[in-house]
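Single-structure report; data block below.
The values are calculated or read from the model by the stated rules, or taken from the named source; none is laboratory data. What you see is a predicted model, and the numbers here were worked out from it, not measured in a lab. Every residue, glycine as well, gets a Cβ built from its backbone with ideal geometry; the counts of neighbours run over all protein chains shown. Side chains are part of the model used for accessible areas, which takes the heavy atoms of the whole protein and leaves out ligands, DNA and RNA. Shrake-Rupley method; radii C 1.70, N 1.55, O 1.52, S 1.80 Å.
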Amino acid sequence: MTVLGVLNQINGRDKTARFFQYLCRLLDYITARNTASDRYKFLEYQLGTFRKLLRFGRSLESFYLASKNIHNADVLSRLAGLAKIAHGCYLFCDHFLLMKRLQLLQLNSNAWASSANKYWLLAIILNLIHNYYELKKVWRVYKKNNNDSLSILSHVQIYFSLYVDLIRNCCDIFIPLYALNYVQLSSGLIGLFGMLSSIAGLITLIANQK
């Protein structure tokens, strides 16, 4: 029921497709001198288009969620709101890239992809800052109340979703950095990072089902 519950959600379908999309990128890198490479490129492209369709219109959702947090006095809430705005801008650019793929618009896809990746990178950086402040706060509480009854392992289990989110953001940040040519990495490594962050996202969704 947990798997079905995740797949019944748009986020679940998106992250599942994302895992296979980046798996195809990794396999394309591994089989670069093989005829199978073209098939993996084709599958990666089709899965990417499918995910863009799933996300179509969701920029409005991001802007709406941002409006609920951005005016909050709490610093963490404001950071979350700013991250949502950046993510909404990323999705807005992504909508135009989808229309280009569907040949509904004629535009400079490289320029729009560059803008989308810059907004995505900004969203991830803001999420990592948010992770840092959250971890700083929970570790301060842990050290203050530290005793034999609460081990580090127990602490990690209590804040499991926070650590998973940190891992997801740490993996994700390399993808727009690579796309913008800010770092020099192999496409296979990017595929691996994408798979790991997709698994982290699926773990979070499954945990929320319980």
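Please work out which residue is farthest from Ala116 (Cα to Cα), limiting yourself to the stretch 58-74 and to residues that are assigned to a helix (DSSP H, G or I) and open to solvent by 90 Å² or more (accessible area, probe 1.4 Å). Step through it out loud before you land on a result.
If we filter the stretch 58-74 for residues that are assigned to a helix (DSSP H, G or I), which is where we start, we get 58-69.
Pick out the ones that are also open to solvent by 90 Å² or more (accessible area, probe 1.4 Å) and you get 60, 64, 68.
Details: Leu60: 15, Tyr64: 19, Lys68: 23 Å.
It comes out as Lys68.
Please work out which residue is surrounded by the fewest Cβ atoms within 10 Å (Cβ to Cβ), limiting yourself to the stretch 109-136 and to residues that are modelled with pLDDT of 95 or more and among the small types (Gly, Ala, Ser).
Ala111
In the stretch 99-107, is there at least one residue being of a type in the set (D, E, K, R), open to solvent by less than 50 Å² (accessible area, probe 1.4 Å) and under 20 Å from Ala179 (Cα atoms)? Outline the logic, then answer.
Applying the first criterion (of a type in the set (D, E, K, R)) to the stretch 99-107 yields 100-101.
Those still in the list that are open to solvent by less than 50 Å² (accessible area, probe 1.4 Å) too: none.
Within the stretch 99-107, none of the residues are of a type in the set (D, E, K, R), open to solvent by less than 50 Å² (accessible area, probe 1.4 Å) and under 20 Å from Ala179 (Cα atoms).
Which fully enclosed helices (runs of 4 or more DSSP H) of the stretch 112-210 have 3 or more residues being β-branched (Val, Ile, Thr)? Outline the logic, then answer.
Working: elements: 152-158, 160-172, 174-179, 187-209.
So the answer is 152-158, 187-209.
Suppose we keep only residues that are among the β-branched types (Val, Ile, Thr) and open to solvent by 60 Å² or more (accessible area, probe 1.4 Å) within the stretch 167-205. Which one would you say is farthest from Ser109 (Cα to Cα)?
Ile203
Report, by residue number, each residue of the stretch 28-57 that is open to solvent by less than 50 Å² (accessible area, probe 1.4 Å) and touching a residue at least 24 places away in the same chain (Cβ under 8 Å).
As a first pass, look at the stretch 28-57 and keep what is open to solvent by less than 50 Å² (accessible area, probe 1.4 Å): 28, 31, 36-37, 44, 47-49, 51-52, 54-55, 57.
Within the stretch 28-57, Asp28, Leu47, Gly48, Thr49, Arg51, Lys52, Leu54, Arg55, Gly57 meet the criteria.
I'd like to know if the stretch 36-54 contains one or more residues that are in contact with a His (Cβ under 9 Å, 6 or more places away or on another chain), on the phi < 0 side of the Ramachandran plot and modelled with pLDDT of 90 or more. Reasoning before the result, please.
Taking the stretch 36-54 as the starting set, the residues that turn out to be in contact with a His (Cβ under 9 Å, 6 or more places away or on another chain) are 52.
Next, only the ones that are on the phi < 0 side of the Ramachandran plot stay: 52.
Then keep just the ones that are modelled with pLDDT of 90 or more; that gives 52.
Yes, the stretch 36-54 contains at least one residue that is in contact with a His (Cβ under 9 Å, 6 or more places away or on another chain), on the phi < 0 side of the Ramachandran plot and modelled with pLDDT of 90 or more.
Within the stretch 85-94, identify whether any single residue is assigned to a helix (DSSP H, G or I), modelled with pLDDT of 95 or more, closer than 22 Å to Lys52 by Cα and aromatic (Phe, Trp, Tyr), and answer yes or no. Can you show your working first?
At the first step, the residues of the stretch 85-94 found to be assigned to a helix (DSSP H, G or I) are 85-94.
Right, trim to modelled with pLDDT of 95 or more and you get 85-94.
Adding the requirement that they be closer than 22 Å to Lys52 by Cα leaves 85-94.
If we keep only those that are aromatic (Phe, Trp, Tyr) as well, we get 90, 92.
Yes; the residues of the stretch 85-94 include at least one that is assigned to a helix (DSSP H, G or I), modelled with pLDDT of 95 or more, closer than 22 Å to Lys52 by Cα and aromatic (Phe, Trp, Tyr).
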